[in-house]
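Asker: Sharing a structure below in structure tokens format, with a few things to ask.
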Amino acid sequence: MNTVQLESLKKEILELTSRFADAFLRREKFVAGSDVVPVSGKILDAVDFCSLVDSSLDGWLTAGRFTEDFERQLAQFVGARSALFVNSGSSANLVALSGLTSKKLGDRALKPGDEVLTVAMGFPTTVNPIIQNGMKPVVVDVDLETLDAIPQRLEEAISPKTKAIMLAHTLGNPFDLDTVQRLCKEHNLWLIEDSCDALGSTYRGQRTGSFGDTATVSFYPAHHITTGEGGAVFVKSPLVKKQVESFRDWGRDCYCETGKDNTCAKRFGWQLGDLPEGYDHKYTYSHIGYNLKATDMQAALGISQLAKVEFFIQRRKENYAYLKKHLEGVEGLKIAQATPNSDPSWFGFPITLDPAHPVKREDLLRFLDSRKIGTRLLFAGNITKQPAYKDVEFRIVGDLTNTDIVMKRSFWVGVYPGLTTPMLDYVIESITDFMTGKAK
């Protein structure tokens with residue numbers, strides 16, 4: 001079959017794919033009490049399906065032309081120098097920190113025993129890379145209004161051993177970047193910015209993910225855009241980029257793109273470590289790394305998703321505002337507030353039950369579950385109390401009073417773009433009825 005015939009067949013396949021997607025994705029009208037109100041979810045259309053099929057027909061499968069294009073577009077959207085596509089947001093966090101342990105960074109390289117500032121209230125994979133690299137997590141409490149680190153506590157936590165700050169923008173709400181950036185500058189600290197839940201959020205007009213020496217984002221189906229599984233690391237420095245890329249790609253010293261050889265023009269001209277001179281650079285390893293690459297099919301989906309990201313962000317903001325307007329006056333509910341100087345691209349709608357109110361969170365969550373309304377807790381709650389971390393040595397600065405309140409009294413409901421006004425109205429009605437004693 002010649003090239004013209006192949007292209008014709010491919011066109012036919014993509015046309016059929018588009019027709020299938022339109023039929024498959026057709027939605028029925030929402031029926032309250034019968035249909036589920038998800039807490040999060042992916043938004044796909046026919047273009048996404050065609051992107052997946054189109055990339056698969058290349059037969060390349062691993063990182064290729066779609067990955068290169070996706071990384072470029074993603075970095076441009078966030079405002080970062082460059083982006084590296086990986087197989088999950090958790091992997092992104094791992095290599096974003098691990099890359100800063102490279103001896104090629106000289107005296108600033110992170111090493112076992114160094115302290116990294118973070119919060120006790122968050123998702124485990126913000127803290128895990130600190131532990132996995134032999135460093136000590138130093139945790140502080142959160143502000144109950146923003147659910148981000150209390151800035152003053154971060155300042156109090158600095159010690160001679162502090163070498164980095166690794167924080168997440170909680171549910172898309174940016175942390176106090178004025179304070180964090182000042183501390184990093186004054187104490188020569190690395191900033192690892194976990195922006196996995198915050199694609200499109202801004203602080204003083206600048207997008208999150210562009211502040212850190214390294215920064216991360218997740219593309220799990222629950223997130224702002226999806227590649228199925230997937231994530232990315234943003235970097236500012238070309239030197240740091242090489243180390244992050246090395247840790248992602250088996251720890252190799254070679255930086256050739258997949259399928260390419262001899263980018264450095266001296267593939268057999270290196271002498272590194274105790275290897276013989278001329279040892280193939282493609283099989284020379286400068287770090288004890290991983291294989292955390294993603295596929296070209298995922299990147300193709302990322303490109304089609306990224307074309308819709310502004311719409312997704314706007315819908316999240318609108319849904320958050322709608323819920324806030326109708327729920328902030330309900331007695332017993334404390335609604336999270338945007339950090340000053342920020343414009344969050346909310347991942348969820350966080351609610352903290354007033355500790356003085358008699359309602360039990362678990363009773364409310366069971367009630368919402370009975371009405372098929374999805375809810376989630378704020379991740380690990382107080383991570384120092386999770387069973388996996390029983391033997392981990394944390395340094396806790398101050399008390400964790402608010403963290404414990406979040407652990408016992410906070411939860412969140414969805415704001416993702418797939419939620420319709422009737423769905424949101426049902427959530428508002430259900431929560432209000434329960435809190436006012438009208439629920440049956």
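The values are calculated or read from the model by the stated rules, or taken from the named source; none is laboratory data. Here the structure is a predicted model, which is why all the values come from computation and not from measurement. All Cβ positions, even for glycine, are placed from backbone atoms using ideal geometry, and neighbour counts span all protein chains on display.
Asker: Being in contact (Cβ under 8 Å) with a residue 24 or more places away in the chain, of a type outside the set (S, T, N, Q) and closer than 23 Å to G230 by Cβ, is that true of even one residue in region 157-166? Even if it seems obvious, please write down each step before you answer.
Answerer: Taking region 157-166 first, the residues in contact (Cβ under 8 Å) with a residue 24 or more places away in the chain are 157-159, 161-166.
Among the residues that remain, those that are also of a type outside the set (S, T, N, Q) are: 157-158, 161, 163-166.
Within this subset, residues satisfying the condition of being closer than 23 Å to G230 by Cβ are 166.
Yes, that holds for at least one residue.
Asker: Go through region 405-421 and give me each residue that's surrounded by 18 or more Cβ atoms within 10 Å (Cβ to Cβ) and outside any loop (DSSP other than H, G, I, E, B).
Answerer: I405, V406, M407, R409, S410, F411, W412, V413
Asker: Can you go through G113, G134, G106 and tell me which one is assigned to a helix (DSSP H, G or I), at positive phi and not basic (K, R)? So that I can check it myself, show each step before the final result.
Answerer: Numbers: G113 fails: assigned to a helix (DSSP H, G or I); G134 fails: assigned to a helix (DSSP H, G or I).
Only one candidate qualifies: G106.
Asker: Taking the condition over 19 Å from L44 (Cα atoms) and β-branched (V, I, T), does T284 pass? Spell out the reasoning first.
Answerer: Numbers: over 19 Å from L44 (Cα atoms): yes; β-branched (V, I, T): yes.
Yes, satisfied.
Asker: Right, something else. Scan region 52-68 residue by residue and report those that are surrounded by fewer than 16 Cβ atoms within 10 Å (Cβ to Cβ) and assigned to a helix (DSSP H, G or I).
Answerer: S56, R65, E68
Asker: Looking at (1) assigned to a strand (DSSP E or B); (2) surrounded by 24 or more Cβ atoms within 10 Å (Cβ to Cβ), which is the one condition that is false for A198?
Answerer: Only one criterion in (1) assigned to a strand (DSSP E or B); (2) surrounded by 24 or more Cβ atoms within 10 Å (Cβ to Cβ) is unmet by A198, namely (1).
Asker: To continue, here is another question. Quickly run through region 261-302 and pick out the residues that are within 20 Å of the chain's Cα centre (by Cα) and among the small types (G, A, S).
Answerer: Within region 261-302, A294, A299, A300, G302 meet the criteria.
Asker: OK, next. Please state which one of S34, S40 is in contact (Cβ under 8 Å) with a residue 24 or more places away in the chain, in a loop (DSSP other than H, G, I, E, B) and surrounded by 16 or more Cβ atoms within 10 Å (Cβ to Cβ).
Answerer: On the way: S34 fails: surrounded by 16 or more Cβ atoms within 10 Å (Cβ to Cβ).
Just one listed residue meets the conditions, S40.
Asker: May I pose another question? Being of a type in the set (S, T, N, Q), under 24 Å from G89 (Cβ atoms) and surrounded by 24 or more Cβ atoms within 10 Å (Cβ to Cβ) is the requirement here; does T216 meet it? Walk me through how you get there before you give the answer.
Answerer: Numbers: of a type in the set (S, T, N, Q): yes; under 24 Å from G89 (Cβ atoms): yes; surrounded by 24 or more Cβ atoms within 10 Å (Cβ to Cβ): yes.
In short, yes.
Asker: Moving on. Has region 138-149 got at least one residue that is among the polar types (S, T, N, Q) and surrounded by fewer than 22 Cβ atoms within 10 Å (Cβ to Cβ)? Write out each step before concluding.
Answerer: Pass one, region 138-149, residues among the polar types (S, T, N, Q): 146.
Cutting the leftovers down to surrounded by fewer than 22 Cβ atoms within 10 Å (Cβ to Cβ) gives us none.
There is no residue in region 138-149 that is among the polar types (S, T, N, Q) and surrounded by fewer than 22 Cβ atoms within 10 Å (Cβ to Cβ).
Asker: Just one of A388, A356 is more than 29 Å from V309 (Cβ to Cβ), at pLDDT below 95 and surrounded by fewer than 17 Cβ atoms within 10 Å (Cβ to Cβ); which is it? Walk me through it before giving the result.
Answerer: Details: A388 fails: at pLDDT below 95.
So the residue among A388, A356 that is more than 29 Å from V309 (Cβ to Cβ), at pLDDT below 95 and surrounded by fewer than 17 Cβ atoms within 10 Å (Cβ to Cβ) is A356.
Asker: Counting just the residues of region 244-265 that are at negative phi and without any contact (Cβ under 8 Å) to a residue 24 or more places away in the chain, which one comes out surrounded by the fewest Cβ atoms within 10 Å (Cβ to Cβ)?
Answerer: If we filter region 244-265 for residues that are at negative phi, which is where we start, we get 244-249, 252-258, 260-261, 263-264.
Those left that are additionally without any contact (Cβ under 8 Å) to a residue 24 or more places away in the chain: 255, 260-261, 263-264.
Working: Y255: 14, K260: 10, D261: 12, T263: 13, C264: 13.
Once the filter is applied, the top-ranked residue is K260.
Asker: Testing T432 on (1) touching a Gly at 6+ places or on another chain (Cβ under 9 Å); (2) surrounded by fewer than 21 Cβ atoms within 10 Å (Cβ to Cβ), one condition comes back false. Which one is that?
Answerer: (1)
Asker: Can you pull out the residues in region 112-132 that are more than 15 Å from I165 (Cβ to Cβ) and not hydrophobic (A, V, I, L, M, F, W, C)?
Answerer: Initial filter on region 112-132 (more than 15 Å from I165 (Cβ to Cβ)): 112-113, 121, 123-125, 128, 131-132.
P112, G113, P124, T125, N128, Q132 - these are the residues of region 112-132 that are more than 15 Å from I165 (Cβ to Cβ) and not hydrophobic (A, V, I, L, M, F, W, C).
Asker: Which condition number in (1) charged (D, E, K, R); (2) part of a loop (DSSP other than H, G, I, E, B); (3) within 26 Å of V180 (Cα to Cα) is the one that D391 fails?
Answerer: (3)
Asker: Being assigned to a loop (DSSP other than H, G, I, E, B), of a type in the set (S, T, N, Q) and surrounded by 20 or more Cβ atoms within 10 Å (Cβ to Cβ) is the requirement here; does T125 meet it? It would help to see each step written out before you state the result.
Answerer: Details: assigned to a loop (DSSP other than H, G, I, E, B): no; of a type in the set (S, T, N, Q): yes; surrounded by 20 or more Cβ atoms within 10 Å (Cβ to Cβ): yes.
No, not satisfied.
Asker: Looking only at region 394-404, filter to residues that are assigned to a loop (DSSP other than H, G, I, E, B) and of a type in the set (A, V, I, L, M); which one of those is surrounded by the most Cβ atoms within 10 Å (Cβ to Cβ)? Steps first, answer last, please.
Answerer: As a first pass, look at region 394-404 and keep what is assigned to a loop (DSSP other than H, G, I, E, B): 394, 397-400.
Cutting the leftovers down to of a type in the set (A, V, I, L, M) gives us 397, 400.
Working: V397: 20, L400: 24.
Out of the qualifying residues, it is L400.
Asker: Would you mind finding the one in E257, E245 that is acidic (D, E) and either touching a strand residue (DSSP E or B) at 6+ places or on another chain (Cβ under 6 Å) or not in a loop (DSSP other than H, G, I, E, B) (or both)? Write out each step before concluding.
Answerer: Numbers: E257 fails: either touching a strand residue (DSSP E or B) at 6+ places or on another chain (Cβ under 6 Å) or not in a loop (DSSP other than H, G, I, E, B) (or both).
After ruling out the rest, the residue left standing is E245.
Asker: Return the only residue of V127, V140, V119 being hydrophobic (A, V, I, L, M, F, W, C) and in contact with a Lys or Arg (Cβ under 8 Å, 6 or more places away or on another chain).
Answerer: Details: V127 fails: in contact with a Lys or Arg (Cβ under 8 Å, 6 or more places away or on another chain); V119 fails: in contact with a Lys or Arg (Cβ under 8 Å, 6 or more places away or on another chain).
Only one candidate passes the filter, namely V140.
Asker: Moving to a separate point now. With the condition kept exactly as written, say whether any residue in region 178-186 is out of contact with any Phe, Trp or Tyr (no Cβ under 9 Å at 6 or more places or on another chain), not assigned by TED's automatic domain parsing to the domain that holds K390 and not in a helix (DSSP H, G or I).
Answerer: Of region 178-186, the ones out of contact with any Phe, Trp or Tyr (no Cβ under 9 Å at 6 or more places or on another chain) are 179, 182-183, 185-186.
Imposing the further condition that a residue be not assigned by TED's automatic domain parsing to the domain that holds K390 reduces the set to 179, 182-183, 185-186.
When the remaining residues are screened for being not in a helix (DSSP H, G or I), the result is none.
Scanning region 178-186, I find no residue that is out of contact with any Phe, Trp or Tyr (no Cβ under 9 Å at 6 or more places or on another chain), not assigned by TED's automatic domain parsing to the domain that holds K390 and not in a helix (DSSP H, G or I), so the answer is no.
Asker: Here's a follow-up. If a residue must be under 24 Å from D178 (Cβ atoms), in a loop (DSSP other than H, G, I, E, B) and either among the charged types (D, E, K, R) or in contact with a strand residue (DSSP E or B) (Cβ under 7 Å, 6 or more places away or on another chain) (or both), how many such residues does region 315-369 contain?
Answerer: Summing the residues that are under 24 Å from D178 (Cβ atoms), in a loop (DSSP other than H, G, I, E, B) and either among the charged types (D, E, K, R) or in contact with a strand residue (DSSP E or B) (Cβ under 7 Å, 6 or more places away or on another chain) (or both) in region 315-369 gives 2.
Asker: For region 231-258, what are the residues that are among the small types (G, A, S) and within 17 Å of V86 (Cα to Cα)?
Answerer: Restricting attention to region 231-258, the residues satisfying the condition of being among the small types (G, A, S) are 231-232, 237, 246, 251.
The answer is G231, A232, S246, G251.
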